[in-house]
Every structure is written in structure tokens, then in C-alpha cells.
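Before any comments, here is the structure.
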Amino acid sequence: MVGLGAMPGYGIQSMLKEGHRHLSGLEEAVLKNIDACGELSAITRTSLGPNGMNKMVINHLDKLFVTNDAATIVNELEVQHPAAKILVLAGRAQQEEIGDGANLTISFAGELLQKAGELIRMGLHPSEIIIGYTKAINKTIEILEDLVEKGSENMDVRNKEEVVLRMRSAVASKQFGQEDILCPLVADACMQVCPKNPANFNVDNVRVAKLVGGGLRNSTVVRGMVLKNDAVGSIKRVEKAKIAVFAGGVDTSATETKGTVLIHSAEQLENYAKTEEAKVEELIKAVADSGAKVIVSGAAVGDMALHFCERYKLMVLKISSKFELRRFCRTTGAVAILKLSQPNVDELGYADSVSVEEIGGARVTVVKNEEGGNSVATVVLRGSTDSILDDLERAVDDGVNTYKSMCRDSRIIPGAAATEIELAKRLKEFSLKETGLDQYAIAKFAESFEMVPRTLSENAGLNAMEIISSLYAEHAAGNTKVGIDLEEGVCKDVSVLKIWDLYVTKFFALKYSADAVCTVLRVDQIIMAKPAGGPRRDAQPGGGMDED
């Protein structure tokens, strides 16, 4: 029998394959996890709020992002640490659920974990902290219900003022100082595509077309679609047009099987070419006879087919992306036909006007549908550089997502850190009533809310301590709606400043971050297997080869 001496190592080393890593205990696992999450939230924290700084992120494909949108930042950073990944997932869940507030989720979770680290060093056990945090988040949600502005639960989603009021803070946090231009644009676009039952609002129906040049003030909303390419052929404008959509391209179709044609004389060769022409002409004539004035092709348009389209005065558009093609069909109500043939009347779409316009040097095709069942609206954004346009697009996306959230739940709560200070104050009072060790955790949870006003004022270059103490003083006096006016650097009533946050945004952000924190704190051992063999994903191709 072989003695145990043959086994390498001892303890857990002897159990697992070599090359694994194993971290356990408070020092190694819990506090290391907390540090890693702290690093991640330190990155996002400086871009919280309207005065947030931009980050320059260059991802593994060498694409440059200049943005202060936390969801984009953490998606493009390839976070490797398993605990920090949990925060990234919480931020992503928030982005998909609400579309705004991902930064609050990650920064707040980081703050909670920092506080938990202090408690652990004081000697509390992680499970006591988790119990305290769970009590605290449940209490927080109760208090949030209290802070909802009276009468905000029923709103008319087609009333532009009410929509802009709720959308402002989401857009301002991405593009501060330009929310007064952007919000009305986004609100218009959303209200145009809002269905009879607003709960069924589809975010995908508000498109964004980014065209370099001009300034933000030149941006417009188009009812219908803006395609980024020119029309094929010479006809550039058609009014009140019926539209035929062919997904497979407009061209002579090759036969399924290989065939050999034996031609004996010159006449036969001439006739062969003529019959091909006649066949194409017959197909195009059939389309023209069905009443269509515009042909949209999903693939290449053959030269011969184009020639006959010109002869029959048909406008030809080419949309190569099949998603765009689907949206085009949705805008015009057309049915995409697979191969070139005569369309039925009910397969034709309709648009008020299809025209090629030149916007800032780029030729775009604008498909307008003013009347009735309009299902797509496009916000045409103008800006001087691509990265500015990308950032504007993110702001518009946030606005549209906020609209979707307010269609489901339109309750609002005070913004500008007024809510957070009120939550901190009430949770502190609640923690004093608790007995047992979890009162310390609840008190730390309450302190964590100070991160929001502190970060907002630091990002705006104000003195954070003064601001927080004057906020506490106002709230202690019973003015629950006092928040920070970042432009003047003083505390003001937010109902005057018109800074409101959606209740659902705060609700989910706090809930997700508390859940993520409890998940991270529950971990006491990290066991990493040896990474699988094979070349590393980020290794340079050919980098591992020999010199010669």
C-alpha cells in the first residue's frame, strides 16, 4: 500500500488539482472581496450625478468610449474578480429593468461593503451584518413609500410637461445643461409611438439616427424612419407611395441546379440575352402594376433590374441589415416578400413620403408616416464628434427607458439627494430602537446613504461636509424635500428646482445593491480551479511563437 507521503501537499492542497487557488477566512476572502468591490465602485462613483466626470474606456477591440454612463463603463471593463462581477451583474440588472440608476446601484453597493468592512474589523460576524442589512433594506422600502409625492401616481403619459418633469433627472445625469433640449425631443418621440395601452410601450420603437455635424440644437424628431443610405437609382423623392419589400434582393435569380446551355448560332445567343431581359422586365412591370412606387431590397440590386425600375419610375432603396428591414416593415406596414414576384395588395406598405435629404453632408433617406398607426419615431441627433453622439444616444436611451418605467409606475420622489438624506435620518432613528448587534449594521446602512449627497457635492466641487450637515439640519426641521442645488451650491427645496426621481428607479437600485452586498458578504471561501489549457483569449496571436 502506498503511504500518504506520495500525495503532494497537505489539507485542501491534497484534495484539489495542482494550480488551483484557495482563499478562506475573514482576512483573505471577505475583506479581499470588499476591497475589490470598493475599487469598482470608486471608478463609477466619480461619474455619479449631473457633474459626474467622464471615463475614457478602451475595450479589447480598441474601441474608445468616452462616457459617464456607469452601465457602459462596467460592461466595457472586463471585470475578472468574482465578487466585483456580482456588482456588475446588479448594475446590469438595473440597466435592463429600468434603464437608469445603474451607477447608484454599483456605488451604493460599494459604500455598503466598505461600511461592512469597518464592522468586520470591529469584530462583528458577517451573518450579523447581513441580518442587519436585510432589516434595513426592508425598512428603507417602507420609508420610500412614505416619501412618494402625493398625487403623482396617476399621470397622463401623453402630457408632455408631466413626462419631461419625470425624465429630466435621468437625462441630466448624462448630459447636464442640455436636458432642456433633449427631454422635449425624447418626450415627443415617445408620445408618438405610445400605444393605446401605455403599459405595452416598446423601447425599440424609438430609434436614434446619429449624424455628425451641426449642433445639438439642430436635432429633430421624425415620425417614421431615417435610413443612413442614399436611394439606389435616380428617383429621390416619392409622395404617398405604396411600398413593396423584397427580402431576397432584386436581381435575376440563378437557377437551383447547374444547367448547361448549348448555343448553335448567333441568333440563339442574342435571343438568350433578350429572354433574360424580357423576364426581368416582366417581373419589374408586375411590381409596378400592383401600384407600388417604391421597391425596398434586402440584398443587392442588379444592374438590369435597376434599369427597368428606372424605366417604370420606381424608387429603389437598399437596406442591408435585416433588423432595419424588419423595422422598416413595421413603420410602413409592409410584408417582406422572399423572392421577386408580383406582390398582393395586402403585402404592400404605405408611407406619406420617401425622400432623400442631405443632412450635414450625409445623404439619408427619410421615410415619413404622419397619419395614424405610426409605430416608429426617430430622434435625429446632431453633434460634432462620434463620441459626443454616442453619449447623446445613451442619454436618449435613458430617457426612453424612463418613459417606459413611468408608463408602468409614475410615482415620483424628491431627487437631488433629498430622498437619501431623509432615508439616512429615519434609518438612524430606527437603528436606535433596535436591540442586539444588528443595530450597528443598520446604523452603517443609514450612514451609507450619505454617499449620494457627498458624491454629488464633491463632483460639483462643493464642500461635502457643509452640505451634508445643512441637509441634516433642514430635514431635522421637517423639510423633507430639501436637496442640493448643484449650480448654486446651496440646499434648496427640490419641488422648486423640479428635480424628481422615479420611485421605481430608486426602489430597484437600492434593492439590487442590498441583494448584491448580502451575496458578497455571505462568501467565506473562494476556491478557483486551475484555468483550462489552451491559448489565453487576450494573448496576442503569434505572440507565443519562437523568434525565428
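Observations on the model:
- Residues satisfying the stated conditions in the range 340-390, i.e. closer than 30 Å to ASP69 by Cβ, open to solvent by less than 20 Å² (accessible area, probe 1.4 Å) and not in a strand (DSSP E or B): ASN374, VAL376, LEU389
Conditions tested, residue by residue: (1) more than 38 Å from the chain's Cα centre (by Cα); (2) aromatic (Phe, Trp, Tyr); (3) within 15 Å of VAL245 (Cα to Cα); (4) outside any loop (DSSP other than H, G, I, E, B).
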| position | (1), (2), (3), (4) |
| --- | --- |
| GLU281 | yes, no, no, yes |
| ILE284 | yes, no, yes, yes |
| ALA288 | yes, no, yes, yes |
| VAL316 | no, no, yes, yes |
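- Within the range 487-513, residues that are at pLDDT 90 or above reach partners that are open to solvent by 50 Å² or more (accessible area, probe 1.4 Å) and in a helix (DSSP H, G or I) with beta carbons closer than 6 Å, at six or more positions or on different chains, in the pairs PHE508/GLU97.
- The numbered conditions (1) surrounded by 17 or more Cβ atoms within 10 Å (Cβ to Cβ); (2) closer than 30 Å to PRO126 by Cβ are all true for ALA416 except (2).
- Residue ranges of strands (runs of 3 or more DSSP E) in the range 391-497 with at least 1 members over 23 Å from LEU182 (Cβ atoms) and of a type in the set (D, E, K, R): 490-493
- Annotation: GLY233 fulfils all but one of (1) crowded, with 16+ Cβ neighbours inside 10 Å; (2) within 41 Å of the chain's Cα centre (by Cα); (3) modelled with pLDDT of 80 or more; the unmet one is (3).
- Among the residues making up the range 212-230, those that are of a type in the set (D, E, K, R), surrounded by fewer than 16 Cβ atoms within 10 Å (Cβ to Cβ) and within 22 Å of GLY333 (Cα to Cα) are LYS228, ASP230.
- Of all the residues in the range 469-490, those that are within 32 Å of the chain's Cα centre (by Cα) and open to solvent by 60 Å² or more (accessible area, probe 1.4 Å) number 3.
- Selected residue (criterion: surrounded by the fewest Cβ atoms within 10 Å (Cβ to Cβ)) from residues of the range 158-190 that are touching a Cys at 6+ places or on another chain (Cβ under 8 Å) and of a type in the set (D, E, K, R): ARG158
- Scanning the range 98-155 for residues that are assigned to a loop (DSSP other than H, G, I, E, B), crowded, with 24+ Cβ neighbours inside 10 Å and not charged (D, E, K, R) turns up ILE98, GLY101.
- Test: SER320 is closer than 22 Å to VAL366 by Cα, surrounded by 11 or more Cβ atoms within 10 Å (Cβ to Cβ) and within 44 Å of the chain's Cα centre (by Cα): yes
- Selected residue (criterion: farthest from VAL354 (Cα to Cα)) from residues of the range 249-303 that are polar (S, T, N, Q) and open to solvent by less than 90 Å² (accessible area, probe 1.4 Å): SER265
- Taking the conditions (1) in contact (Cβ under 8 Å) with a residue 12 or more places away in the chain; (2) of a type outside the set (Asp, Glu); (3) within 15 Å of THR44 (Cα to Cα) in turn, LYS85 satisfies each one other than (1).
- Pair list, Cβ under 6 Å, 6 or more apart: the range 50-73 residue over 22 Å from PRO453 (Cα atoms) and touching a residue at least 60 places away in the same chain (Cβ under 8 Å), other residue in a strand (DSSP E or B) and of a type in the set (A, V, I, L, M): LEU64/ILE58; PHE65/VAL57; VAL66/MET56
The values are calculated or read from the model by the stated rules, or taken from the named source; none is laboratory data. In this text, all values refer to a predicted model and were calculated from it rather than measured experimentally. A quick note on method: Cβ atoms are made from the backbone with ideal geometry, for glycine too, and the neighbour counts reach across all protein chains shown. Each accessible area value is taken on the protein alone, full model and side chains, heavy atoms only, with ligands, DNA and RNA left out. Shrake-Rupley method; radii C 1.70, N 1.55, O 1.52, S 1.80 Å.
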